[in-house]
Amino acid sequence: RLPVSLYLDATGGVVSKIADQPKRILYYSLTLPGKGRDTPPLPICEMLSNEHSVPPITYWLMQFILHLSKYTQIHIHQVETDYSWALMQSVLLGFNREDITAYLERAFDISTGKKTQDDMKPYTVLHLCSAHILKAVRQAISKQTDDQGLRDFVTFAFARLQNACSLAETRHIFSALCSVLTTPKSSENVKASLQILESVIAKPQEGKLDETMETGDMEKWDCEDINNAATTIVGSSPFIPYFRQIFEEAKEHST
């Protein structure tokens, strides 16, 4: 059934640890989503490997695409992954023949209206699991504060930011969040920003935050890989100047 979406995941809990093998064996699965109890998810391509890196995963995905093309011309609309740097990079390279820098530039052009819907059609959408992203954000917030209420508030605000459908909406939420977090004293601007955040947080949301946090088990190496790569990639992202300007404007109004 069109459009076709797949889930890509890796786990180390399937293959038992092998003696004298320093790296654990990971099970990779590219899976069709299920349709209820009578139609469970269906793995359509699998791999075992002790090398969790971009080259072997990309090669595996390219082999899948090659063999798929022998039977059908169906385009894979979307691939969802967890917060794994290797999986994200491999999906972009395998399905779209683009690296993360090109992807960010293309995403920014789409967000700003420089590219049309037709420009997007040839590409497979890389979709990140929101639960894994929220878990990483919550962990980062926890390193900055022990205040449970503040952690929950910022996490909920970020969840709304994550689900925004336009740059205008992200600006609205991010600006309010920056105003609240950077202003040392209460002011009319802070009160207005709090009202904005409380309003967007109060909107109906599927599931509770605590339930969302428990879905998926983000591996430690995922965070480390992303942080290492960020030193070269984040700085070149076109989204950085956009959000930095919002942050600086919020700081100016906080003084």
- [ ] Confirm whether GLY235 is at pLDDT below 90, outside the structural domain of PHE95 (by TED's automatic domain parsing) and at positive phi.
- [x] no
Task: Filter pass, ALA157 being over 21 Å from LEU194 (Cβ atoms) and either in a loop (DSSP other than H, G, I, E, B) or of a type outside the set (Asp, Glu) (or both) - done: no
Open item on the list: Residues that are at pLDDT below 95 and outside the structural domain of GLU51 (by TED's automatic domain parsing): list the helices (runs of 4 or more DSSP H) wholly contained in region 68-151 that include at least 3 such residues.
Closed with: 130-142
Open item on the list: Where the second residue is of a type outside the set (Lys, Arg) and the first is part of a loop (DSSP other than H, G, I, E, B) and lies in region 6-18, which pairs have Cβ atoms under 7 Å and are six or more apart or on separate chains?
Closed with: GLY12/LEU26; VAL14/TYR27; VAL15/ILE25; VAL15/TYR27; VAL15/LEU48; ILE18/ILE25
Open item on the list: Looking only at residues that are touching a Lys or Arg at 6+ places or on another chain (Cβ under 7 Å) and of a type outside the set (Ser, Thr, Tyr) in region 143-177, which one is surrounded by the fewest Cβ atoms within 10 Å (Cβ to Cβ)?
Closed with: ARG151
Task: Residue match in region 83-102 (condition: touching an Asp or Glu at 6+ places or on another chain (Cβ under 6 Å), without any contact (Cβ under 8 Å) to a residue 60 or more places away in the chain and buried (at least 19 other Cβ atoms within 10 Å of the Cβ)) - done: yes
Open item on the list: For region 187-199, give me the residue count where each residue is aliphatic (A, V, I, L, M) and at pLDDT below 90.
Closed with: 1
- [ ] Might you let me know whether region 35-46 holds any residue that is under 25 Å from LYS121 (Cβ atoms) and surrounded by 15 or more Cβ atoms within 10 Å (Cβ to Cβ)?
- [x] yes
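The values are calculated or read from the model by the stated rules, or taken from the named source; none is laboratory data. Note that the structure is a prediction, hence the values are computed from the model and not measured. For neighbour counting, all protein chains shown are included, and Cβ atoms are generated from backbone atoms with ideal geometry for every residue, glycine included.
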